[in-house]
Amino acid sequence: MIDIQKSSKILFPEIKRSGAKIFGVVKIGEMNTASRKPLTLIDLCDMSLPVDLFCFQCEIVRGKHTKHCKLCEKCYYRMDHHCLFLMKCVGHNNHTRFVWFLILTAFVMSMFVLQALLSARHTYPDDTWSVILSNMFWTDCWVLSMVLLNIASVAWASSLIRFQLSVVGRAQTTYFQQKIVTLTPIEQLMNIINFLQGKQFYAKDYEFNESTIMTKPYPVQPSAHTAHVV
Ligand SMILES: [Zn+2]
Ligand SMILES: [Zn+2]
């Protein structure tokens, strides 16, 4: 029997290293570097950090690249988007698989279109394509419908793949994007190659190198807002 969990760790070594953040779900909030305990709402106020970093549903302090999904009712690290077709969030640890899913789906649909057209050509070897399509319409209309549907789906999937690769090339996600990009085309290409192999990004913009909110230089004003919280 194939051990799916073991196989996925071999194919996507990032998953093995991630530990607590399985499929991007964040269960423990940002840690206080001094006390080594999860930050609380009071800590945010004490350190003059934005209060909206606290997720009232999950009751954790979110990191910079963590977002709460109202449909999943969970916080996700490096959230890309909530996929309404898969009915789950795409984020850290399943983003690579999502892009591979798009690529393989587009490939399979392309193969169907190619196979259907070659089969039609084989069935009517001496006719022109207008006659062939006319014959398919009157005799195999369901095949023609599937061909048209798959052509439209391939076009849509291709635009999605192009967008996703442009985003991961910048080491970002659909939700967490920044307008100014400092990465070179070579660095973006290396990011895409590493991403598709499930490895760490080759390079990141400065803003995306910061993994925790504590590294951001917020002004610290101890206990200035404690009274508003209690
Ligand atoms: Zn949350
Ligand atoms: Zn979701």
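The values are calculated or read from the model by the stated rules, or taken from the named source; none is laboratory data. Being a predicted model, the structure only gives us computed values, none of them experimental. With ideal geometry, Cβ positions are generated from the backbone for all residues, glycine too; neighbour counts draw on all protein chains shown.
Scanning segment 65-78 for residues that are more than 10 Å from ligand 1 (Cβ to nearest atom) and either among the hydroxyl-bearing types (Ser, Thr, Tyr) or crowded, with 17+ Cβ neighbours inside 10 Å (or both) yields a count of 3. Exactly one residue among Asp52, Asp46 is charged (D, E, K, R), surrounded by fewer than 21 Cβ atoms within 10 Å (Cβ to Cβ), touching a helix residue (DSSP H, G or I) at 6+ places or on another chain (Cβ under 7 Å) and at pLDDT below 90, and that residue is Asp46.
Scanning segment 79-110 for residues that are closer than 18 Å to Arg162 by Cβ and either within 16 Å of ligand 1 (Cβ to nearest atom) or touching a strand residue (DSSP E or B) at 6+ places or on another chain (Cβ under 7 Å) (or both) yields Asp80, His81, Cys83, Val90, Phe98. Consider segment 181-210 and keep the residues that are loosely packed, with under 13 Cβ neighbours inside 10 Å and modelled with pLDDT under 80. The one that is farthest from His81 (Cα to Cα) is Tyr206. On inspection, Gln164 qualifies as assigned to a helix (DSSP H, G or I), touching a residue at least 12 places away in the same chain (Cβ under 8 Å) and within 18 Å of Phe85 (Cβ to Cβ).
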